[in-house]
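Can you keep this structure in mind? I'll have questions shortly.
Where a number appears in this text, it was derived from the coordinates with a stated rule and is not lab data. Keep in mind that this is a model prediction, so the values were computed, not measured. Positions of Cβ are backbone-derived with ideal geometry, glycine not excepted, and every protein chain shown enters the neighbour counts.
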Amino acid sequence: MNTPRALSAPSALATLASLLFLMACAPKYYSPNAQNVPLLRSAGEGSVGASINPEANRADARGAFAVGRSIGLMANASMYFPRDDDSGNGGRGGLFEVGAGYFRPMAHNFVFETYGLLAYGGLENHFETVNPNGTLNANLVRVAVQPAIGYRHRWVEAAFSSRIAMLNYFNVDGDLVRGGESEEEYLRENRQQFLLEPAVTVRAGIGVLKAEAQLGRSLNLGDDTFPQDDLWGSLGLVYYFEPR
């Protein structure tokens, strides 16, 4: 019976270096943006906000407005601008989202809301060390429903929301090869993904201006090996427009 031989020190170091190299060069095809949870309560009320996620190098801008007693509109924009590493590997991305939904004030300062959302975005990955000038570009459309329930007080707010989303990639193009496999072919074959993204949002401040912290997770319901960010946290400010 043959016994597996232990790796020599140089072989073990080479294997570890190869694994770390592949991990460092792994592309990312999705990174969740912060959720807009306005908790509107009456016609004419609105909010604008901005937040940052230093870990993901992401900036978000958000706005919402109540066009009726129970109907709200929103628009969100996100930009991803991480620095390239020392080898020139990195990527960029952006997302623009619009939505419409229903809100209902409840007893004891609680608010229920649910929004239908449509987002359009793009991504770019470039890896100098994997393939000379190896790149992969794609566009995406995300369709989502985002229900939420929250507590809103003059000085403090807290909400739980959950974005249920379907991703679709298109215009996939590039020559990036990783591990002997075409990343372009991989993304084409896995162009549709389903996500569940719960989040907790807390705000505190003086009257109409509040500081915001949000923590969320992105769960891939169909493929837990899909290259994406699964956690996010953001810090920002929200300003409310009171109805006249």
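Between rounded, prolate and oblate, where does the range 136-244 land on the alpha carbon gyration tensor, with a ≥ b ≥ c its root eigenvalues, rounded for a/c under 1.5, else prolate if a/b exceeds b/c?
Values: a/c = 2.86, a/b = 2.69, b/c = 1.06.
Note, shape of the range 136-244 comes out prolate.
Now a separate question. Quick one: Karplus J couplings for the range 203-216, per residue in order, coefficients 6.51, -1.76, 1.60, θ = phi - 60°, nearest Hz, x for Gly and Pro?
Karplus values, whole Hz, x for Gly and Pro: 10, 8, x, 9, x, 8, 10, 9, 7, 10, 10, 9, 10, x.
Would you calculate the separation in nanometres between label points at E55 and F110, each defined as 7 Å from the Cα along the Cα-to-beta-carbon direction?
3.0
Kindly provide the Kirkwood hydrodynamic radius of the range 52-241 in Å, to one decimal, from all pairs of distinct alpha carbon atoms. Walk me through the numbers on the way to the answer.
Numbers: mean 1/r = 0.0546 Å⁻¹.
It works out to 18.3 Å.
Using 0.36 nm per residue of separation minus the Cα-Cα distance, give me the extension gain between L221 and F96 in nm, one decimal. Before the final figure, lay out each step's value.
Numbers: separation 125, 0.36 × 125 = 45.00 nm, distance 2.32 nm.
Fully extending the segment from L221 to F96 adds 42.7 nm.
Would you kindly state how much longer the chain becomes between L231 and V143 on full extension, computed as 0.36 nm times their sequence separation minus their alpha carbon distance, in nm to one decimal? Write down the numbers at each step before the final one.
Values: separation 88, 0.36 × 88 = 31.68 nm, distance 1.97 nm.
Gain on extension, L231 to V143, equals 29.7 nm.
Do any trypsin sites (Lys or Arg not before Pro) in the range 131-185 lie in a DSSP loop with no more than 10 other beta carbon atoms within 10 Å, and if so, which?
Numbers: sites: R142, R152, R154, R163, R178; in loops: R154.
Passing both the DSSP loop test and the Cβ count: no residue.
Further, regarding this structure: Any chance you could run the full-extension gain for E124 through V200? It's 0.36 nm times the residue separation minus the Cα-Cα distance, nm to one decimal.
Details: separation 76, 0.36 × 76 = 27.36 nm, distance 2.92 nm.
Here the answer is 24.4 nm.
So, one more: Using the 10 angstrom Cβ neighbour count as an exposure proxy, how do K210, K28 rank, fewest first? Show your work: numbers first, answer last.
Working: K210 21, K28 16.
With the sparsest Cβ surroundings first, the list reads K28, K210.
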